[in-house]
Amino acid sequence: MSTSTAAPALRKTALNAVHRQLGAKMVDFGGWDMPVEYSGLIAEHMAVRTGVGLFDVSHMGDIQLRGPESLDAIQHICMNDAAKLQVGQAQYSAMLYPQGTFVDDVIVHKFSDNDYLIVINAGTREKDFGWAKGNAQKFHCHVSDYSDYYTQLAIQGPKAAETLQKLTNVDLSTIKFYWFKWGTVCGLPNTLIARTGYTGEDGFEIYIPSDETTSKRVWDEVLEAGKEFGIIPCGLGARNTLRLEAALSLYGHEISETINVFEAGLDRFCKVEKGPFIGSEALQRVIAEGGPTRKLVGLEVIERGIARDGYCVFNEGGTQIGEVVSGSPAPFLKKNIALAFVPRDHAALDSEVFVQIRNTMVRAKVVPIPFYRRPKKQS
Amino acid sequence: MAYPANYRYTREHEWIEVDGKTGKIGITDYAQNSLGDIVFVESPKVGAAVKKGEVFGSVESVKAVSDLYSPVTGTVTEVNEELASTPEKINTAAHEAWIMKVELSDPAEVDSLLSAADYEKFIAEETGH
């Protein structure tokens, strides 16, 4: 078998040295030198599902949009209805191209009527910032790139709240899912605490100053606070398997500049009724023409084999009908799962398809997504 | 981790333990560590022909697929069935979790494989230590 060596001159978060000291295996993720795993992908995945895990997600970007016409600007650029947001509330949304396909998926946070934070993906930082700034120009608002000001930590799992509660004066039970507050965290005043995440579990993302000293201190304090719950640092490997079990989209896979909102199954975050926005006209045409011709479905591999990104999907007759965009073993579910685009008429639940895994056609069936839903809280 | 002195090794990180005309083959501790949690092993069938330097199967971690290259030419006489249900044995005991046994058609091939010392030197160079 073959192994590979690291790439040169990658961007680093403030915790890069900490990850390396912890013995993390590092990988190039969208131009960033990031930890892919520390103690082991499966252990990290299971820690998040059963206890708590800690992620450095500082590579993600942050756009601050401020001014009297901020809401109008956001409504124009993003597909969800930001007018529904209250102060302290966040929503999953996306910026679309005029043809109704994805620039990126985002989380929009309403700080106030004239102040919004948009959190964006690492690999699309510059593209997103340019897109937002360019398209917001006709509104009275100011668009700033705040990405480098923050170290962003994600504390995720059923024990995330108990862990973080030790470190903050904010009563975390007053922050509902997809809401946020500011409070003192690890002695740092006015720190943004958002009940958001990308794992399908309860959890928080905290935004702290990005200097190395502060970042390391807070990282260590979170690990200490979570020790009794079995907290471990978690890398991008587990981040991917966690989000896959929860059927959350990853840019370049389930969403991209060639995939539209309906194909991706993200209709519920797209409020065409709010009025025109970039991409709304094209999407209305898709509806008028009878809907998307292909759809994103969940697959469970039912014969022996692992379906992976890029593998081709075939019908019973041996014709290729689509492709897997994300596929992997699911460590918690103990199944091999995948998200794939197939034609509309193959998208019904229990439909059987074949995934080509090297030289073998392996049977898979269409199953409901998300594959995993966290248990209802018994509090 | 010590590399057994009586095994021979390849640059593709397979090991072979030779006993007369039979060789027992697996992947090294260095390999399992690079791969991460192993979840799937694709082994050849008993009776299959294998050729030195050619792919005989694959090992999959959660993240990736890795081809396995045979250190020797011969015929597969036995396959480790345990790995179908407990592939993680390769992670915990790489030098015991053999994947296949081969009847060697040319035992002299083993002489050109790396010794434990040479293999350790090779991986030290690969990791830049």
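The values are calculated or read from the model by the stated rules, or taken from the named source; none is laboratory data. All values reported here derive from a predicted model rather than from experimental measurement. Cβ: placed from backbone, ideal geometry, glycine included. Neighbour counts: every protein chain shown.
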Flagged in region A:305-359 as of a type in the set (Phe, Trp, Tyr) and crowded, with 19+ Cβ neighbours inside 10 Å, in numbering order, are A:TYR311, A:PHE341, A:PHE354
Take B:GLU82 and decide whether it is away from every other protein chain (no Cβ under 11 Å) and surrounded by fewer than 23 Cβ atoms within 10 Å (Cβ to Cβ).
yes
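Is region A:186-198 home to any residue that is in a strand (DSSP E or B) and on the phi > 0 side of the Ramachandran plot?
Checking region A:186-198: at least one residue is in a strand (DSSP E or B) and on the phi > 0 side of the Ramachandran plot.
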With the condition kept exactly as written, say whether any residue in region B:89-109 is farther than 20 Å from B:ILE38 by Cβ and of a type in the set (Gly, Ala, Ser).
yes
Checking B:ASP106 against (1) in contact with a His (Cβ under 9 Å, 6 or more places away or on another chain); (2) more than 30 Å from A:VAL27 (Cβ to Cβ); (3) of a type outside the set (S, T, N, Q), only one condition comes out false. Which one?
(1)
A:ALA238 - would you say it is modelled with pLDDT of 95 or more and in the same structural domain as A:LEU41 (by TED's automatic domain parsing)?
yes
Would you be able to say whether some residue in region A:146-161 is part of a helix (DSSP H, G or I), crowded, with 23+ Cβ neighbours inside 10 Å, in contact with a strand residue (DSSP E or B) (Cβ under 6 Å, 6 or more places away or on another chain) and not assigned by TED's automatic domain parsing to the domain that holds A:MET46?
no
Could you grab the pairs with beta carbons closer than 8 Å, sequence gap of 6+ or different chains, first residue in region A:38-60 and away from chain B (no Cβ under 11 Å), second one at pLDDT below 95 and in a loop (DSSP other than H, G, I, E, B)?
A:HIS59/A:GLY30
Can you run down the residue pairs with Cβ atoms below 8 Å, 6 or more apart or on separate chains, where the first is in region A:24-37 and touching a residue at least 24 places away in the same chain (Cβ under 8 Å) and the partner is of a type in the set (Phe, Trp, Tyr)?
A:ALA24/A:TYR38; A:LYS25/A:TYR38; A:VAL36/A:PHE29
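To keep it simple, each residue is scored yes or no on (1) touching a strand residue (DSSP E or B) at 6+ places or on another chain (Cβ under 8 Å); (2) crowded, with 22+ Cβ neighbours inside 10 Å; (3) among the hydroxyl-bearing types (Ser, Thr, Tyr).
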{"residue": "A:ILE193", "(1), (2), (3)": "yes, yes, no"}
{"residue": "A:GLY226", "(1), (2), (3)": "yes, yes, no"}
{"residue": "A:PHE229", "(1), (2), (3)": "no, no, no"}
{"residue": "A:THR241", "(1), (2), (3)": "yes, yes, yes"}
{"residue": "A:ALA246", "(1), (2), (3)": "no, no, no"}
{"residue": "A:LEU250", "(1), (2), (3)": "yes, no, no"}
{"residue": "A:GLU257", "(1), (2), (3)": "yes, no, no"}
{"residue": "A:ASP267", "(1), (2), (3)": "no, no, no"}
When A:GLN320 is evaluated against the numbered criteria (1) within 14 Å of chain B (Cβ to nearest Cβ); (2) touching a Cys at 6+ places or on another chain (Cβ under 9 Å), which criterion, by number, is the only one it fails?
(1)
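Residues are listed down the side, and each one gets a yes or a no for (1) at pLDDT 95 or above; (2) acidic (Asp, Glu); (3) part of a helix (DSSP H, G or I); (4) under 17 Å from A:GLY252 (Cα atoms):
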residue: A:VAL106; (1), (2), (3), (4): yes, no, no, yes
residue: A:TYR116; (1), (2), (3), (4): yes, no, no, no
residue: A:PHE129; (1), (2), (3), (4): yes, no, yes, no
residue: A:PHE139; (1), (2), (3), (4): yes, no, no, no
All positions within region A:14-41 that are in contact with a strand residue (DSSP E or B) (Cβ under 8 Å, 6 or more places away or on another chain) and closer than 20 Å to A:GLY200 by Cα
A:VAL36, A:GLU37, A:LEU41
Subset of region A:70-94 [touching a helix residue (DSSP H, G or I) at 6+ places or on another chain (Cβ under 8 Å) and acidic (Asp, Glu)]
A:ASP81
From the list B:VAL39, B:VAL18, B:VAL72, which residue is among the aliphatic types (A, V, I, L, M), within 13 Å of chain A (Cβ to nearest Cβ) and either within 23 Å of A:ARG304 (Cβ to Cβ) or touching a strand residue (DSSP E or B) at 6+ places or on another chain (Cβ under 8 Å) (or both)?
B:VAL39
Filter region A:278-304 down to the residues that are touching a Gly at 6+ places or on another chain (Cβ under 6 Å) and part of a loop (DSSP other than H, G, I, E, B) and list them by number.
A:GLY279
Selection status of B:PRO71, in contact with an Asp or Glu (Cβ under 6 Å, 6 or more places away or on another chain), closer than 30 Å to A:GLY237 by Cβ and not in a strand (DSSP E or B):
yes
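Rundown of residues vs (1) more than 14 Å from chain B (Cβ to nearest Cβ); (2) under 19 Å from the mean Cα position of the chain (by Cα); (3) modelled with pLDDT under 95; (4) under 25 Å from A:THR124 (Cα atoms), yes/no style:
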site	(1), (2), (3), (4)
A:ALA9	yes, no, yes, yes
A:ASN16	yes, no, no, yes
A:ALA24	no, no, no, yes
A:GLY30	yes, yes, yes, yes
A:ASP33	yes, yes, no, yes
A:LEU65	yes, no, no, yes
Among the residues of region B:98-129, which ones are closer than 22 Å to B:ASP29 by Cβ, in contact with a strand residue (DSSP E or B) (Cβ under 6 Å, 6 or more places away or on another chain) and not hydroxyl-bearing (Ser, Thr, Tyr)?
B:TRP98, B:ILE99, B:MET100, B:LYS101, B:VAL102, B:VAL110, B:LEU113, B:LEU114
